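Please treat every number below as a calculation from the coordinates, not as lab data. Please read these numbers as outputs of a predicted model, since none were measured by experiment. Neighbour counts run over all protein chains shown; Cβ positions are idealised from the backbone, glycine included.
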């Protein structure tokens, strides 16, 4: 165990007992606290599983056994709460703990979000101090006794090993679900097959809501057997639900919403209760226009999520307790459903899906390009505009048309066009944002065509889009985590220089970066991820422009 300046020297052998130390831990043997930095999908360790490790000899004294442990922190400070990020098993030998201060000590740990308290008996205390168990029971903080023969390093290594094993299981589950979803997408009725497979993989309910009809209404869906292929529920609200692919449904679509509007939902799995359905339809309203890619909520013990799949369609999910890999599995299904339901020329859908399944890259559905994204507004025929621009890839919106072409667009009579910079298939999302802003300039200048000309990072996204993206990306991070991550990135991942600049210990930097990695579910070893986070952090720290 590393020793911080001014701390007593810790012992490492079994006979040394529990020497005081102040360090974050929780990594596998031989690794520092930052081992998991850059590795996504690390599930927590259940305290009950840790208690089941007989070699440690831990004994449960108070509080619930079902706590989730996200790491280990050893401290002999009278108040270690400022160093806790939440979810840690705090290990202490009680060097600074008095009987009179036990309740206040436990209260501070509980408010800081500690997962549990591990108290090591000897050399400081021969037994767990009186009143500590009562305080832990009162605050609902699990208390575990660590016997003299178990050093804190052994507990930290065991937590790291259990987390690594859980992560391996989660990665295997995600890989198996991806293969099953790809196989379902190749079936004759792919949409209901994908929904059914997704519901089974997540042990929940999945539905595709489509934007046919209008009006508001209460979402309803009859219970179904989990995993049933293509069962049909009903849903109301915006988006409504359409009958696309209803030939594969096992039930009839019901009516909901505005009078005279019939809408159904292709679904798989057991439908949640009415309150949860109302909430998931509300989520669908948020993502359907494309303003957000995904949204989440919870009703009681039911976790809800909505994923935009294009054309106003939304993948709606209702599951039990979410695991770290659920978002990845749902995202894979959303990509497949986007390809399966997109309005494409004959043969393009099959080609795109085949390339996705064989190459694992949605961009492989297009040639290398370069491609131009075009946003257009006018009173003409969108199909005629597409033909004039030499493309069949168009997406008519309520008041505009979005197109994709591999020809450099020219002005067209009766239309105002916004044209992106030339882009590769992987950059089409950015190209679309460029075309949208260019169309705004064309209309403001009353010119038939405006091209994207802004240089540098400012040209990639506008201020509003950049700020929305930054807040969505950095939303899970507290101000302290944002500050630490920014300092760490500014010093190119160097722990010592980052710690000196931030005025904290290097182990604190490691712990915070590890926690930020888990919350963001991003690989911080990837330079693209680092660049994206740096851009988001810079945008988030800027004050919004004040209207004139």
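With N counted as the residues of the range 366-460, its alpha-carbon radius of gyration over 2.2 N^0.38 Å works out to 0.98. Here each label is just a point 7 Å from Cα along the line to Cβ, and for residue 98 and residue 472 those points are 5.3 nm apart. Between residue 429 and residue 176, full extension at 0.36 nm per residue minus the direct alpha carbon distance yields a gain of 88.2 nm.
How would 513, 335 line up from fewest to most surrounding beta-carbon atoms within 10 angstrom?
With the fewest neighbours first, 513, 335 line up as 335, 513.
Inter-part distance, the range 479-507 to the range 65-135, computed on C-alpha centroids, equals 26 Å.
In the range 420-540, inverting the average of 1/r over every pair of distinct C-alpha atoms gives 16.1 Å as the Kirkwood radius. If R0 is 45 Å, the Cβ-Cβ spacing of residue 528 and residue 55 corresponds to a FRET efficiency of close to 0.60.
A straight chain from residue 298 to residue 122 at 0.36 nm per residue would run longer than the Cα-Cα distance by 58.9 nm. Summary of packing: across the peptides 505-511, 51-57, 314-320, the per-residue average of other C-beta atoms within 10 Å ranks them, highest first, as 314-320, 505-511, 51-57. A simple spin-label model places the labels of residue 441 and residue 397 1.7 nm from each other, with each point 7 Å out along Cα-to-Cβ.
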